[in-house]
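The values are calculated or read from the model by the stated rules, or taken from the named source; none is laboratory data. Note that the structure is a prediction, hence the values are computed from the model and not measured. Note that we place each Cβ from the backbone using ideal geometry, even for glycine, and neighbour counts take in every protein chain shown. These area figures cover heavy atoms from the full protein model, side chains too; ligands, DNA and RNA do not enter into them. Shrake-Rupley method; radii C 1.70, N 1.55, O 1.52, S 1.80 Å.
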Amino acid sequence: MASLTEAREAPERQLWDEINGVHAGMLGLEGTHMHFQPMAPNVDIKTNTIWFFTKADTDLVRAIGAGGRAHFCVTGKNHDYHACLSGPIEVRLDAAKRDEYWSAVTAAWYEQGKDDPLLTMLAFKVDDAEIWASTNSTLKFGWEIAKANMTDEKMPEVGVKQHLTFSAIH
């Protein structure tokens, strides 16, 4: 459950916790006409990098080519948290990360397991993000809507929006 206090006081930690709590988010490339597609995130908090398993023969991998910029959007499992992250992305099969993030779920996609010739990974280095955390209290939500409609205060206080910038040094 997204906490408004955490969104105000520790938004970066909350972002990584929320991403770690979802099965997939939507990944898309800047400057292409490709639709965003669902991808399962594997978070390396120390380097602000999200790793994705994929196959080398996909349209996504071909579109990334030597590199580019991407956006990754997530909705928290309780639907009270939303985030959109951006940063450079590259195709990079990292054996250590492959082994660290490998799971039975991942294995189901690759006939030859970790040695599958089509197995590759994407390294998405997050440098910028916006988050929106909203109250999950129907009482608070109702009160804020009523207050906004009955007073001159037209902006109900039902959530927090934060902009995050991540350092390139890690």
FRET efficiency for Glu90 and Glu9 from the Cβ-Cβ distance with R0 = 45 Å, rounded to 0.05, comes out at 0.85
How much length would be gained if the chain were fully extended between Met34 and Ala56, taking 0.36 nm per residue of separation minus their Cα-Cα distance, in nm to one decimal? 6.2 nm
FRET efficiency, 1/(1 + (r/R0)^6) with R0 22 Å, evaluated for Asn20 and His163 via beta carbons: 0.55
What's the FRET efficiency of Ala63 with Ala108 using the Cβ-Cβ distance as r and R₀ = 25 Å, to the nearest 0.05? 0.50
Per residue, how much accessible area does the range 55-103 have with a 1.4 Å probe, in Å²? 50 Å²
With an 8 Å Cα cut-off and a minimum separation of 6 or more residues, compute the relative contact order for the range 1-100 in percent. 27 percent
Please report the spacing between the Cα centers of the range 24-54 and the range 58-92 in Å, no decimals. 3 Å
